[in-house]
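**Student:** Next up is a structure, given as structure tokens.
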Amino acid sequence: MATLQLSTAAGGRPVGPPGRRSRHSWAGWGFIGPFVLVFVLVFLAPLLYSVYLSLYRTQLVGGTTFVGLDNYQQALQDGQFWGSVIRVGLFLLIQVPIMLGIALLVALAIDSGRLYGKDFFRIAVFLPYAVPAVVATLMWGFMYGPRFGLIGDINDAFGTQLPNPLSSDLILASIGNIVTWEFVGYNMLIFYAALRVIPHALYEAAEIDGAGPWRVISAIKLPAIRGALVIATIFSIIGSFQLFNEPAVLQKIAPNAITTDYTPNYYTYSLSFSGQQHNYSATVAIVMGVITMVVAYVVQLRGMRKEA
């Protein structure tokens, strides 16, 4: 029987035929090549093009000229931009804990095994996540209407004067209610999936030790799903900074309460498509992306530190 003779390198490692090594190298690229191509076209190319746009400025006189970091300096001094950043920062500080708290309570109730009809309850809570954000905002927007919606009907039926959810003072809370309704089910599913992989031996040991339900939650369940809590928090922070659909849709219903610079994403959209300031719009988007990345990274570091 014929045997394959392998040459030996100077270090003593056997070296195979050059043709086979080449085929193995290209086989790896064949597997990751489609992903790399999509990643470059969908992620890197738009990002690099945005950076390129942010270094130029288009003027009526002189056309497009290179301005270096002038657009970034303007963004750092832009009161409208920082006002929108503070607004979404306040939004996430209040809305994200409420949303994650509700999602965690629902996940714990379903996982407890004491909830009657838990399969139906789980689907019912998750169902709003399947509703498109535009449809959900329109639905809630018409319910909020003091003259044409549910609030108006209640006022007419009972002779009351409920606060207007579309007023300038309450519109941010109204948006928070819509976002919470949309994403409680999504976060509940993350927490519930993490709870289902906890070893049952821990529950049996807690039962032998006489631990009650609250002790099991605080000593076993919450520490076990800390990673899921961190991930859900990071996703929620990123989603808050990307807030766009809800204010953009409600602006047509409540134009006096929502301005074009209400959120950073809406401000970027208005600059680009209404103001035709594409270069400055790209600059604002990059600055907002850096802020989001830094905040999310800090939350991740704190979560990992506590977990360690």
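**Student:** I need the full set of residues from segment 72-88 which are in contact (Cβ under 8 Å) with a residue 12 or more places away in the chain and either in contact with a His (Cβ under 8 Å, 6 or more places away or on another chain) or over 17 Å from Tyr269 (Cβ atoms) (or both), in order please.
**Tutor:** Of everything in segment 72-88, those that are in contact (Cβ under 8 Å) with a residue 12 or more places away in the chain and either in contact with a His (Cβ under 8 Å, 6 or more places away or on another chain) or over 17 Å from Tyr269 (Cβ atoms) (or both) turn out to be Tyr72, Gln74, Leu76.
**Student:** OK, next. Assuming Thr58 fulfils every condition listed in (1) closer than 29 Å to Val299 by Cα; (2) surrounded by fewer than 17 Cβ atoms within 10 Å (Cβ to Cβ); (3) of a type in the set (S, T, N, Q); (4) in contact with a helix residue (DSSP H, G or I) (Cβ under 8 Å, 6 or more places away or on another chain) apart from one, which condition is it?
**Tutor:** Of the numbered conditions (1) closer than 29 Å to Val299 by Cα; (2) surrounded by fewer than 17 Cβ atoms within 10 Å (Cβ to Cβ); (3) of a type in the set (S, T, N, Q); (4) in contact with a helix residue (DSSP H, G or I) (Cβ under 8 Å, 6 or more places away or on another chain), the odd one out for Thr58 is (1).
**Student:** I need the full set of residues from segment 74-89 which are in a helix (DSSP H, G or I) and more than 16 Å from the chain's Cα centre (by Cα), in order please.
**Tutor:** Step one: filter segment 74-89 for residues in a helix (DSSP H, G or I), giving 74-76, 79-89.
Correct list: Gln74, Ala75, Leu76, Gly79, Gln80, Phe81, Trp82, Gly83, Ser84, Ile86, Arg87.
**Student:** Let me ask something else about it. Look through Gln251, Gln276, Gln300 and report the one residue that is assigned to a helix (DSSP H, G or I), out of contact with any Asp or Glu (no Cβ under 7 Å at 6 or more places or on another chain) and surrounded by fewer than 17 Cβ atoms within 10 Å (Cβ to Cβ).
**Tutor:** One residue alone meets the criteria, Gln300.
**Student:** Moving on to the next point. Go through Asn164, Asn177, Asn155 for me and flag whichever is surrounded by 15 or more Cβ atoms within 10 Å (Cβ to Cβ) and farther than 24 Å from Pro247 by Cβ. Step through it out loud before you land on a result.
**Tutor:** Working: Asn164 fails: farther than 24 Å from Pro247 by Cβ; Asn177 fails: farther than 24 Å from Pro247 by Cβ.
Of the residues listed, the single one that is surrounded by 15 or more Cβ atoms within 10 Å (Cβ to Cβ) and farther than 24 Å from Pro247 by Cβ is Asn155.
**Student:** Here is a further query. Quick test for you: out of Asp169, Asp156, pick the one residue that is assigned to a helix (DSSP H, G or I), over 14 Å from Leu250 (Cα atoms) and at pLDDT 85 or above.
**Tutor:** On the way: Asp169 fails: assigned to a helix (DSSP H, G or I).
Sole residue among the options that is assigned to a helix (DSSP H, G or I), over 14 Å from Leu250 (Cα atoms) and at pLDDT 85 or above: Asp156.
Quick grid of which residues meet (1) closer than 30 Å to Met143 by Cβ; (2) touching a helix residue (DSSP H, G or I) at 6+ places or on another chain (Cβ under 7 Å):
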residue: Ser236; (1), (2): yes, yes
residue: Gln277; (1), (2): no, yes
residue: Ser281; (1), (2): no, yes
residue: Gly289; (1), (2): no, no
residue: Thr292; (1), (2): no, yes
residue: Val295; (1), (2): no, yes
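The values are calculated or read from the model by the stated rules, or taken from the named source; none is laboratory data. Here the structure is a predicted model, which is why all the values come from computation and not from measurement. Counting neighbours? That spans all protein chains shown, and the Cβs are built from the backbone with ideal geometry, glycine included.
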